[in-house]
1. Can you tell me which residue within region 26-58, out of those that are without any contact (Cβ under 8 Å) to a residue 24 or more places away in the chain, assigned to a loop (DSSP other than H, G, I, E, B) and in contact with a strand residue (DSSP E or B) (Cβ under 9 Å, 6 or more places away or on another chain), is nearest to residue 5 (Cα to Cα)?
2. Tell me, yes or no, whether region 47-54 has at least one residue that is within 13 Å of the chain's Cα centre (by Cα), surrounded by fewer than 14 Cβ atoms within 10 Å (Cβ to Cβ) and modelled with pLDDT of 85 or more.
3. Quick one: is residue 96 touching a strand residue (DSSP E or B) at 6+ places or on another chain (Cβ under 8 Å), within 16 Å of residue 21 (Cβ to Cβ) and modelled with pLDDT under 85?
């Protein structure tokens with residue numbers, strides 16, 4: 001799935017969703033609108049499901065999924081991720097992402 005496959009209505013839903021991050025005492029919340037406008041975001045395939053992370057798609061080759069824990073209904077996933085884009089030290093390249101599904105409508 002690609003962002004370009006989604007309907008305008010679904011993209012508008014995604015833009016309103018808030019997300020948090022904690023990096024060196026800097027916290028969100030932020031919304032997806034800024035990510036979709038200023039980053040080259042794109043879905044990543046994880047175990048057959050499309051997951052949207054707030055990172056530029058240029059990071060995707062550097063992202064490894066260490067572990068994924070799915071909810072019973074497969075609508076939520078907790079990811080343990082390594083992103084070596086800026087730092088190849090395992091201590092500094094690890095992240096946790098908790099993702100909830102949004103019902104997508106294709107255009």
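The values are calculated or read from the model by the stated rules, or taken from the named source; none is laboratory data. Just so we're clear, the structure is a prediction, and the values are computed from it rather than from any experiment. In this analysis, Cβ positions are derived from the backbone assuming ideal geometry, glycine residues included, and neighbour counts consider all displayed protein chains.
1. Step by step, filter region 26-58, then rank; the result is 47.
2. Going through region 47-54, the residues within 13 Å of the chain's Cα centre (by Cα) turn out to be 49-54.
Restricting the remaining residues to those that are surrounded by fewer than 14 Cβ atoms within 10 Å (Cβ to Cβ) gives none.
There is no residue in region 47-54 that is within 13 Å of the chain's Cα centre (by Cα), surrounded by fewer than 14 Cβ atoms within 10 Å (Cβ to Cβ) and modelled with pLDDT of 85 or more.
3. Taking the combined requirement at face value, the residue satisfies it.
Yes or no, residue by residue, for (1) loosely packed, with under 14 Cβ neighbours inside 10 Å; (2) modelled with pLDDT of 90 or more; (3) under 21 Å from residue 59 (Cα atoms):
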{"residue": "2", "(1), (2), (3)": "yes, no, yes"}
{"residue": "10", "(1), (2), (3)": "no, no, no"}
{"residue": "13", "(1), (2), (3)": "no, no, no"}
{"residue": "16", "(1), (2), (3)": "yes, no, no"}
{"residue": "25", "(1), (2), (3)": "yes, no, no"}
{"residue": "29", "(1), (2), (3)": "yes, no, no"}
{"residue": "40", "(1), (2), (3)": "yes, no, yes"}
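Let's see how each residue does on (1) in a loop (DSSP other than H, G, I, E, B); (2) at pLDDT 85 or above; (3) surrounded by fewer than 14 Cβ atoms within 10 Å (Cβ to Cβ):
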{"position": "60", "(1), (2), (3)": "no, yes, no"}
{"position": "64", "(1), (2), (3)": "no, yes, yes"}
{"position": "67", "(1), (2), (3)": "no, yes, yes"}
{"position": "72", "(1), (2), (3)": "yes, yes, yes"}
{"position": "79", "(1), (2), (3)": "no, yes, no"}
{"position": "90", "(1), (2), (3)": "yes, no, yes"}
{"position": "104", "(1), (2), (3)": "yes, no, no"}
